[in-house]
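A quick write-up on the structure given underneath.
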Amino acid sequence: MNRREFIRDVLLWSAGLTLSIPRLTITESFAASGPSLLAVEKGPDHVQLVRRVLASLGGMKNFVRPGDRVVVKPNIGWDRSPEQAANTNPVVVKALVEEALEAGASRVLVFDRTCNEERRCYTNSGIADAVQSLNNKKARVEYIDNRKFVPVEIKRGKSLTTMEIYKDALDADRYINVPIAKHHGLSGLTLGLKNSMGVIGGRRGMMHFNIGQKLADLATVVQPTLTVIDATKILMANGPQGGDLKDVQIADTILASTDPVAADAYATTLFDMRPDEIESRLRRTKWDSGKWISTR
Amino acid sequence: MRKRIPRVPRTFWRRLSQWAFLLLFFFLFIKTDYTGSDEIEYAVNILFRIDPLLAASVMLAVKTFVALMLPALALLVLTLILGRFFCGWVCPMGALIDLFHPLLKPGTKEIDTRFPQMPLIILLFVLVSAFFGLPMAGYFDPFSILVRGLSLSAYPALNDSLATVFTFTYQEAPPYVNAVTEPVYAFLKKTILPYSQKVYTLSLLSGFILVAVFLAERIQQRFFCRNICPLGALLGLTARAGLLKGHGGSDDCAKCRACRSVCRMGAIDPDRRIGMHECILCLDCLEKCPRGIIDFRFSKPVAGPAPVSLTRRSLMASMAAGALLPMFTGSRTIARLSDPLLIRPPGALAEDEFLERCVRCGECMKVCIGNALHPTFLESGIEGMFSPKLIAQVGYCEFNCTLCGQVCPTGAIKALPLEEKHTFKIGHAFFDKNRCLPYAKGIPCIVCEEHCPTPEKAIGFNTATVKNDRGEEIKVKQPYIVDRLCIGCGICENKCPLPDQAAVRVTAAGEQRHPQKTIPASSMDYY
């Protein structure tokens, strides 16, 4: 079984298990051949891992065109150190920013709306330093500016009708989502689409009611060009904030896909879980004529 | 012929010094914040540590020597040599008062101090009552009033006003306006504005007290310094015995009394003699004297004006007030039942000693990165007003932050090493199952659990099958507190998505500074 078959099977399998409830419909986009749907690489050199996953998807130039304004959106949610694996690995973020710059991006913005105090998160995650160490004026780490949340109508939403979304995320030509794969009390795991919560304003706690549906709804408006899941270190318990090194496992894996659901689905297997075990958009998101839509 | 260099008035140096210290004060004030490092570099707390009034009050109250306040001795020694130079040349409150004076000065100048005995009465009262267990120095100390008024009121108000202006330009103004305003705003944010907008209880009151000090200039110049300031009184008493003496009018003098009418402190009597108790060495009289005969030099005592002193009656009365008032503290309900929501910062000493040490400077609240600390109103008695307490629903205590203990000038909040802070229990969270969504409404939530910062989470959950309001049977995760792990940081209460009162609330139960408040728990050793 090759990788592609595996993923297809995983998705079909999860769809099969959830036939009784709203489900992910497997459509031609998954079956279609062409450039890889999803790339997975393992190894201890994380910069190389980023390069390799991008290469198997046709290289960053496939996603970032010269002059593009790019957002790289890691998870910087917590006042935790890189070893504690609560935030995206700064090495991975830096490598992605570098790749985007090399592909000709005119600007690469890195930000997240944090859960703990912003400055502590940006500093202690190592992400601010990592991006600044590039010494490139085009690469910027910015704190959230509350003036930039704009109300967005979620036309195809089932559980959400409007949402305040960060302007820079909406305006970007390319949006690269870089979650870290980790344990999450409510939703089982937090992966790609959960990471999109970092661009919404207001009282985000509300997202937790019916989180699967709401994340699916959110995915109809925040659509990443590329999802790169950082599973170099994964948090197996006490997530999403962690804090205990005993809960951190070295997985040395990075996966990337243009399809956020496929990326999330594959990532569940790193935790010995099945895709349908996460209270999730996997059940409720449907690919329909080139767009993700929510189903009930 | 050589050009004559214009003479610099001697008051210039005093003004320069006032400006320099005022700017230093503002620099330290702005720096009293998280700056990317867990250790704070500069903090405005040095101002409180050189304050002999607060030092005396704190040491009398706790009846031990407080090494943190040793710098106050240096100020006393300097005052013994130079007189009240501090009030005229250094004090940021004095500098601000002088700065505002031209805007507020009354039409006719009042020369004699309105209530010359008042500062001494306040001083005695404050020290005696501190000794007997009712610490009040923070209400009258100029730095406490100043830093508190700025931190809790003026500074957040300034930030909010500017944010309103720049949000308007950002959202409504054309791009060519924003090309100017946005860089200006970014610059202000980077330099003088706080990182985030904060809100405080007692914000208006703190601001009003500070404004009142300035408004009192309408009554007479340096009204606060002459009629209220107990620190000034203490420095004045020291200066009276000091080495530097003012030599005022003599028999050669034309008795014009220009010196007396220019004096901002009412320190010069009709015989043109200078009282070193009041004189703050502003040097205005030197410049004003038409014959230039006024002089300050180290000398043997010279005949001065009759020194301000308390009548025996007011001396006794202020001491009696200071000694008697504390007797009533035991008659209040808080002597038996402390406020259940009075959560003190991590590292705070046991309540009595905490209040004896706390000088109400507001620095912990200024530096609190989560906007968790707020001034108490009457929850801990009149002597507790403006002392810090945690209001979790406004802000929570950031797990990895130890700044409040680092800036506390008196050790009322111990500076905790991070590891100790991580397990320092300031309170305890309780779920209200009538409100908590998974319990009350069958709605999945556990936002609290997600945010709980202890490495092994202090919030666990059980999975239960309940009916929601559609009548559907649904599996939800119902959270509970793990008693031995909860430190009372309040992030659960803060992040609870209910629109009003959170469904999980932190109280002072179990706070480790009071062992008698330990909560019964079956998981604990003594059960």
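The values are calculated or read from the model by the stated rules, or taken from the named source; none is laboratory data. Just so it is clear, the model here is predicted, and its values are computed rather than measured. Counting neighbours? That spans all protein chains shown, and the Cβs are built from the backbone with ideal geometry, glycine included. Heads up: the accessible areas ignore ligands, DNA and RNA and are worked out on the full protein's heavy atoms, side chains in. Shrake-Rupley method; radii C 1.70, N 1.55, O 1.52, S 1.80 Å.
Name the residue that is nearest to the chain's Cα centre (by Cα), counting only residues in the range A:107-130 that are more than 14 Å from every other protein chain (Cβ to nearest Cβ) and free of Cβ contacts under 8 Å to residues at least 40 places away in the same chain.
In this case the residue turns out to be A:Val110.
Could you count how many residues in the range A:187-199 are hydrophobic (A, V, I, L, M, F, W, C) and surrounded by fewer than 23 Cβ atoms within 10 Å (Cβ to Cβ)? Explain how you work it out, then say what you get.
Just the residues of the range A:187-199 that are hydrophobic (A, V, I, L, M, F, W, C), to begin with: A:189, A:191, A:193, A:197, A:199.
Within this subset, residues satisfying the condition of being surrounded by fewer than 23 Cβ atoms within 10 Å (Cβ to Cβ) are A:197.
Number satisfying all stated conditions: 1.
Among the residues that make up the range B:67-79, is at least one of them touching a residue at least 60 places away in the same chain (Cβ under 8 Å), closer than 25 Å to B:Ala415 by Cβ and open to solvent by 20 Å² or more (accessible area, probe 1.4 Å)?
yes
What are the residues in the range A:220-236 that are closer than 18 Å to A:Ala263 by Cβ and either crowded, with 23+ Cβ neighbours inside 10 Å or within 14 Å of another protein chain (Cβ to nearest Cβ) (or both), if any?
Result: A:Val222, A:Pro224, A:Leu226, A:Thr227, A:Val228, A:Ile229, A:Asp230, A:Ala231, A:Thr232, A:Lys233, A:Ile234, A:Leu235.
Output yes when any residue across the range A:185-205 is in a loop (DSSP other than H, G, I, E, B), more than 13 Å from chain B (Cβ to nearest Cβ), free of Cβ contacts under 8 Å to residues at least 24 places away in the same chain and out of contact with any His (no Cβ under 7 Å at 6 or more places or on another chain), and no when none is.
No - not one qualifying residue is present in the range A:185-205.
With the requirement that a residue be among the acidic types (Asp, Glu), farther than 30 Å from B:Ser37 by Cβ and crowded, with 20+ Cβ neighbours inside 10 Å, what does the range A:42-99 give you?
Within the range A:42-99, A:Glu99 is the sole residue that qualifies.
Considering (1) away from every other protein chain (no Cβ under 14 Å); (2) without any contact (Cβ under 8 Å) to a residue 12 or more places away in the chain; (3) acidic (Asp, Glu), say which one B:Asp483 fails and leave the rest.
It is condition (2) that B:Asp483 fails.
Which residue, of B:Gly370, B:Gly381, is farther than 28 Å from A:Lys182 by Cβ and either away from chain A (no Cβ under 14 Å) or open to solvent by 10 Å² or more (accessible area, probe 1.4 Å) (or both)?
The match here is B:Gly381.
Of the residues that sit in the range B:231-240 and are open to solvent by 10 Å² or more (accessible area, probe 1.4 Å) and in contact with a Pro (Cβ under 9 Å, 6 or more places away or on another chain), which one is nearest to B:Gly370 (Cα to Cα)?
B:Leu234
Enumerate the pairs (first residue in the range B:275-290 and closer than 16 Å to B:Thr113 by Cβ; second residue anywhere and among the acidic types (Asp, Glu) and in a loop (DSSP other than H, G, I, E, B)) with beta-carbon separation below 9 Å, excluding pairs fewer than 6 apart on the same chain, so at least 6 apart or on different chains.
B:Gly275/B:Asp269
Of the conditions (1) in contact with a Leu (Cβ under 6 Å, 6 or more places away or on another chain); (2) free of Cβ contacts under 8 Å to residues at least 60 places away in the same chain, B:Thr167 fails just one. Which one is it?
Only one criterion is unmet by B:Thr167, namely (1).
Got a number for residues in the range B:196-230 being crowded, with 16+ Cβ neighbours inside 10 Å and assigned to a loop (DSSP other than H, G, I, E, B)?
Matching residues across the range B:196-230 total 10.
Which of the residues spanning the range B:310-345 are among the hydroxyl-bearing types (Ser, Thr, Tyr) and either surrounded by fewer than 16 Cβ atoms within 10 Å (Cβ to Cβ) or closer than 20 Å to B:Ser57 by Cβ (or both)? Please lay out each step first, then the result.
Step one: filter the range B:310-345 for residues among the hydroxyl-bearing types (Ser, Thr, Tyr), giving B:311, B:314, B:318, B:329, B:331, B:333, B:338.
Passing the criteria: B:Thr311, B:Ser314, B:Ser318, B:Thr329, B:Ser331, B:Thr333.
Looking at (1) buried (at least 24 other Cβ atoms within 10 Å of the Cβ); (2) in a helix (DSSP H, G or I); (3) modelled with pLDDT under 95, which is the one condition that is false for B:Leu54?
(3)
Taking the options B:Leu134, B:Leu124, name whichever one is crowded, with 20+ Cβ neighbours inside 10 Å, under 24 Å from B:Met319 (Cβ atoms), away from every other protein chain (no Cβ under 14 Å) and more than 20 Å from the chain's Cα centre (by Cα).
B:Leu124
Please tell me if B:Ala20 is of a type in the set (Gly, Ala, Ser), surrounded by 18 or more Cβ atoms within 10 Å (Cβ to Cβ) and either in contact (Cβ under 8 Å) with a residue 24 or more places away in the chain or assigned to a helix (DSSP H, G or I) (or both).
no
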